[in-house]
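A.B. asks: Encoded as structure tokens, here's the structure I'll be asking about.
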Amino acid sequence: YSSKDLHGIEFIDSYVFNQVEDIRFNSTVGKFVGYTEHGVYNAETWNKGSELAQELGELERYCKPHADIHYSAILDKTGEQG
């Protein structure tokens, strides 16, 4: 996100095996996307199951409540006043 009002905040959850990204969930896209053969198979399965609902909830459950803390920490380190 790029502003304190949390407009444009997104949650990205990547699954990596042997330094290769297999699957990524992006809250802006709203679904899992696979990047390998195994990842595509799992993404299709996860998009039909409860995993998708769980990931969609993470933006509200974790990201937005904690964004103020992280935003403040970044401003404190850059010397800007909030």
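The values are calculated or read from the model by the stated rules, or taken from the named source; none is laboratory data. Since the structure is predicted, the reported quantities are computational estimates derived from the model, not experimental observations. Because the Cβ atoms are built from the backbone with ideal geometry, glycine has one as well, and the counts that use them run over all protein chains shown. When the accessible area is computed, the model is the full protein with side chains, heavy atoms only, and any ligands, DNA or RNA have been set aside. Shrake-Rupley method; radii C 1.70, N 1.55, O 1.52, S 1.80 Å.
Here's the yes/no breakdown for (1) on the phi > 0 side of the Ramachandran plot; (2) modelled with pLDDT of 90 or more; (3) among the aliphatic types (A, V, I, L, M):
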residue: Val29; (1), (2), (3): no, yes, yes
residue: Val40; (1), (2), (3): no, yes, yes
residue: Trp46; (1), (2), (3): no, yes, no
residue: Leu56; (1), (2), (3): no, no, yes
residue: His70; (1), (2), (3): no, no, no
residue: Asp76; (1), (2), (3): no, no, no
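A.B. asks: Something else about it: Go through region 26-52 and give me each residue that's open to solvent by 30 Å² or more (accessible area, probe 1.4 Å), under 26 Å from Gly8 (Cα atoms) and aromatic (Phe, Trp, Tyr).
C.D. replies: Tyr35, Trp46
A.B. asks: Among the residues of region 53-63, how many are charged (D, E, K, R) and open to solvent by less than 70 Å² (accessible area, probe 1.4 Å)? Please lay out each step first, then the result.
C.D. replies: Initial filter on region 53-63 (charged (D, E, K, R)): 55, 58, 60-61.
Still in the list and also open to solvent by less than 70 Å² (accessible area, probe 1.4 Å): 55, 58.
Selection size over region 53-63: 2.
A.B. asks: On to the next question. Can you tell me which residue is modelled with the lowest pLDDT among those in region 1-22 that are surrounded by 11 or more Cβ atoms within 10 Å (Cβ to Cβ) and not in a strand (DSSP E or B)?
C.D. replies: Here the residue is Tyr1.
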